[in-house]
Amino acid sequence: MKFTPEKCSIPDERMKPFIDPEEIWNLINNTKSTPERVRELIAKSLSKQRLTMEETAVLLNTTDPDLVEEIKEGARELKRLVYGNRIVLFAPLYVGNKCINNCQYCGFRSTNKEQIRTTLSDQELIDEVEALEETGQKRLILVYGEHPHYSPEFIAHNVKLVYDVKKNHGEIRRVNINAAPLEIEGFKTVKAAGIGTYQIFQETYNPDAYKTYHLGGKKMDFEYRLTSLDRAQEGGIDDVGIGALIGLYDWRYEVLGLIRHTNHLEACYNVGPHTISFPRIKDASELNIDGKYMVNDEDFAKLVAILRLAVPYTGMILTARETPALRKEVLQFGISQIDGGTKLEIGAYAETENDDQNLHREQFAINDSRSLNEIMDELIATGFMPSFCTACYRLGRTGEHFMEFSVPGFIKRFCTPNAILTLSEYLVDYAPAETAEKGWQLIEKELQSLHSAEEKINVTEIRNRIEQIKAGKRDLYF
């Protein structure tokens with residue numbers, strides 16, 4: 001079946017496969033890149049218009065180093081225009097690693113006999129959340145293997161439990177989910193628990209490559225996984241996250257697969273993905289891939305910049321799989337969310353020291369093991385505004401409603417002030433003195449810049465709310 005690159009708005013196209021490998025490879029193989037065309041597309045993106053698949057292919061086929069630098073500079077400027085200097089922070093919390101799938105790149109794979117299978121009890125989950133709250137975290141993503149034990153009802157129970165945990169000034173204000181595909185009724189159950197975003201990564205958008213990596217379990221079904229977020233939308237979850245595992249197949253193909261997925265969701269549901277993720281393959285227990293498609297740092301930075309230009313208003317997540325140096329570099333090109341203080345071992349946040357068993361309880365290796373405050377301190381020192389904001393989710397600015405605010409650029413009116421307020425909370429409650437001093441200086445600089453902003457922002461009201469935070473009030477937002 002053939003698909004047009006930008007169309008699938010007919011109602012009966014919902015929940016149907018939408019990836020045509022021939023279409024994608026035709027774009028990669030037959031789209032030419034010229035300096036004039038590249039600059040034209042950078043200008044289009046800077047006018048805050050999303051790029052088509054063909055236009056994205058032009059940038060993917062750009063190899064001239066000077067033009068690649070222009071692409072990166074365009075992405076840097078676009079990020080400044082759309083997101084300002086904000087970086088949203090979160091933490092992953094692994095709830096259980098039971099899994100029926102046999103994915104060749106994952107430490108949770110069912111045939112990995114070295115893996116110690118663990119699922120957090122209610123009390124262990126509470127302990128984990130309290131430990132995270134004591135560092136200042138406000139946003140979590142709960143992560144699960146694919147197993148009948150992790151039913152929609154089980155996930156919903158976990159979500160409600162997390163929201164109920166309060167430790168001193170600590171509380172979790174947004175719980176996202178990374179778990180197996182569900183049926184529509186299952187998504188409704190999870191939605192009713194008050195989740196934020198539901199993430200499902202396709203891993204690779206090439207059906208043939210997909211078959212070589214997925215050798216057992218429900219995840220073998222490429223099309224069922226591909227249409228999973230359609231079912232989420234039908235179940236009322238309008239904030240969804242897509243992703244590809246970079247290193248399983250040609251990275252250019254995967255970028256166009258992500259764009260095609262974005263097109264599909266926008267055309268069928270009037271809202272694209274809330275976030276796009278592009279984790280790179282890292283070491284894992286029993287890792288079994290040949291490494292043919294591994295992506296070097298140079299191409300990875302290019303990938304990030306191209307995605308930012310292609311989808312100006314979609315959040316882009318960079319995880320602790322990457323090194324601190326690489327993360328610092330590509331933050332410039334369009335990343336809007338990162339994790340901090342990350343631990344992937346089941347139960348590791350509440351443990352004072354990791355035991356030997358934890359070596360076999362994680363999904364993959366990470367390369368940035370810094371504490372949340374170390375990452376906060378670096379962000380502040382380099383001029384980024386760390387944010388734990390969850391206001392849009394709780395005020396109903398999600399899905400299509402979020403697009404109404406964000407696409408015209410009005411969201412900056414809310415995001416910068418809310419980032420300032422959540423950073424103020426962190427500085428009062430959790431930051432060491434040195435970090436706090438730098439943080440208040442950054443906030444003052446930001447407030448000064450808001451005086452001359454085009455948007456009508458009430459700086460006096462922001463200052464008033466900061467004083468309320470210093471006096472003990474919490475969870476103030478616009």
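The values are calculated or read from the model by the stated rules, or taken from the named source; none is laboratory data. Everything numeric here is computed off the predicted structure, so don't read it as measured data. Every residue, glycine among them, receives a Cβ derived from its backbone with ideal geometry; neighbour counts consider all protein chains shown.
Quick notes
- Test set (1) assigned by TED's automatic domain parsing to the domain that holds Glu133; (2) in contact with an Asp or Glu (Cβ under 9 Å, 6 or more places away or on another chain) - Ser110 fails condition number: (2)
- Taken over the stretch 126-158, residues that are of a type in the set (A, V, I, L, M, F, W, C) and under 17 Å from Phe90 (Cβ atoms) amount to 7.
- Residues satisfying the stated conditions in the stretch 328-342, i.e. assigned to a helix (DSSP H, G or I) and farther than 20 Å from Ala310 by Cα: Lys328
- Filtered residue count, the stretch 217-238, keeping only those that are at pLDDT 95 or above and not in a helix (DSSP H, G or I): 6
- Only one of Ile177, Ile126 that is without any contact (Cβ under 8 Å) to a residue 40 or more places away in the chain, crowded, with 23+ Cβ neighbours inside 10 Å and out of contact with any Ser or Thr (no Cβ under 7 Å at 6 or more places or on another chain): Ile177
- Checking each residue in the stretch 39-60 for being within 11 Å of Leu309 (Cα to Cα) and not basic (Lys, Arg) picks out Leu41, Ile42, Ala43, Ser45, Leu46, Ser47, Gln49, Leu51, Thr52, Glu55, Thr56, Leu59.
- For the stretch 111-155, the set of residues classified as assigned to a helix (DSSP H, G or I) and within 30 Å of Pro386 (Cβ to Cβ) consists of Glu124, Leu125, Ile126, Asp127, Glu128, Val129, Glu130, Ala131, Leu132, Glu133, Ile155, listed by residue number.
- In the stretch 163-216, the residues that are among the hydroxyl-bearing types (Ser, Thr, Tyr) and either closer than 19 Å to Arg231 by Cβ or modelled with pLDDT under 95 (or both): Thr189, Thr197, Tyr198, Tyr205, Tyr210
- Residue count, the stretch 267-312 (criterion: at pLDDT below 95, assigned to a helix (DSSP H, G or I) and under 27 Å from Glu40 (Cα atoms)): 1
- Condition check for Leu46 on (1) in contact (Cβ under 8 Å) with a residue 60 or more places away in the chain; (2) farther than 27 Å from Asn206 by Cα: one failure, at (1).
- Residues that are within 25 Å of the chain's Cα centre (by Cα) and in a loop (DSSP other than H, G, I, E, B) were ranked within the stretch 31-85; the one that is surrounded by the fewest Cβ atoms within 10 Å (Cβ to Cβ) is Ser47.
- Any pair with Cβ under 9 angstrom, 6 or more apart, that starts in the stretch 208-231 at a residue that is on the phi < 0 side of the Ramachandran plot and ends at one that is in a loop (DSSP other than H, G, I, E, B) and of a type in the set (Asp, Glu): Ala209/Asp250; His214/Asp221; Lys218/Glu146; Lys219/Glu146; Arg231/Glu183
- Number of positions in the stretch 312-335 that are under 17 Å from Leu81 (Cβ atoms), out of contact with any Lys or Arg (no Cβ under 6 Å at 6 or more places or on another chain) and of a type in the set (A, V, I, L, M, F, W, C): 3
- Taking each residue of the stretch 367-378 that is closer than 13 Å to Leu331 by Cβ and looking for partners that are modelled with pLDDT of 95 or more and part of a helix (DSSP H, G or I) with beta-carbon atoms closer than 9 Å, six or more apart or interchain, yields Asp368/Pro324; Asp368/Leu326; Asp368/Arg327; Asp368/Ile375; Ile375/Pro324; Ile375/Arg327; Glu378/Pro324; Glu378/Lys328.
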